[in-house]
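Report on the structure given below.
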Amino acid sequence: MLFGSRLNPVARAEKYINKGKYLKAMKLLHKTFRKYPNSLDLARLRFEYGKYIPFDDTHHQAAIDYFNLQIQFDVSGEKIHADFVKYMTTTQGRIKLNDDTLIKLAIVFASHGFENNAAYIINQMMRKKSTNPLMVDALVAIINYLDEKQDQKKAKNYVNYLKRHFTTHEMTEYLLSKRA
C-alpha cells in the first residue's frame, strides 16, 4: 500500500528491520501508534519488533502499550501470559513496566491460574509498599485463586497485607467478614 509516493509506515518499518535499523523502525512505529493508539495489531507489531532491542526503552514502552491494549480488549489470559513470558525472556527478567500495567497483569494472571507470575508481581509491589488502588484488586484476585486451590497458608499472607495496608477498603472488610 502506498501513502502518496511512499510505502506505508508498517512496510517502511519492516524494511528498517530487514536492514538492521531496529531503533529507526521502532521510532517510526511509535509515531504511527500515537496516531492509532487503539490498534492492537500495531501494538503487537511494536512489541514483536522490540525483541531486536530488548533493553531499549522503546521496547518497554511498546510492551506497556501492548499489554494494556490486550487487557482493554479482553484478550485471553493465556495469550497475555504467553506474551509476558516472551517479554521476560527477551529482556532477561529486566522488567521496566509501570506499576499500573504490572498490577493489571497480576490480576489477569491470578484470575487465570498463573499463580507464579501473579505472586511474583504482587510480592514485588508489596515490597515496594505500593499504594496503587489497583493493588486491592490484585490481592483479592490472588486470594480468591488461593482459596479455590485451598492454600489457606499463602492466602493468609495476602489477607494480612490487605488488612494492614488497605484497612478501610470495602473489599478488605468483605474478605475479613467472609473469613470470620
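Computed from the coordinates by the stated procedures, all read-outs in this text should not be read as laboratory data. Computed from a prediction, not measured in an experiment: that's the story for all the values here. Cβ: placed from backbone, ideal geometry, glycine included. Neighbour counts: every protein chain shown.
A compact table of results
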{"read-out": "Loop-located trypsin sites (Lys or Arg not before Pro) in the range 119-180, at most 10 other Cβ atoms within 10 Å (DSSP)", "value": "Lys129"}
{"read-out": "Candidate aspartates and glutamates - alpha carbon under 17 Å from Lys163, same-chain residues fewer than 8 apart omitted", "value": "Asp137, Asp147, Glu173"}
{"read-out": "Three-way shape call for the range 1-75 based on the alpha-carbon gyration tensor, with the a/c threshold at 1.5", "value": "oblate"}
{"read-out": "Relative contact order computed over the chain (Cα-Cα under 8 Å; 6+ residues apart), in percent", "value": "12"}
{"read-out": "Label-point separation, Glu48 to Asp151 (7 Å along Cα→Cβ), nm", "value": "3.4"}
{"read-out": "Contact order relative to length of the range 1-75, as percent, for alpha carbon pairs under 8 angstrom and 6 or more apart", "value": "24"}
{"read-out": "Percent RCO, i.e. relative contact order, over the range 90-180, from Cα pairs under 8 Å lying at least 6 residues apart", "value": "23"}
{"read-out": "Option label - log10 I(q)/I(0) by the Debye sum over Cα atoms at q = 0.12 Å⁻¹ computed here, alternatives (1) -0.62; (2) -0.49; (3) -0.55", "value": "(1)"}
{"read-out": "Cleavage-rule hits (trypsin sites (Lys or Arg not before Pro)) in the range 1-81: DSSP loop, at most 10 neighbouring Cβ within 10 angstrom", "value": "Lys19"}
{"read-out": "Exposure proxy order (Cβ contacts within 10 Å, fewest to most) of Glu78, Glu170", "value": "Glu170, Glu78"}
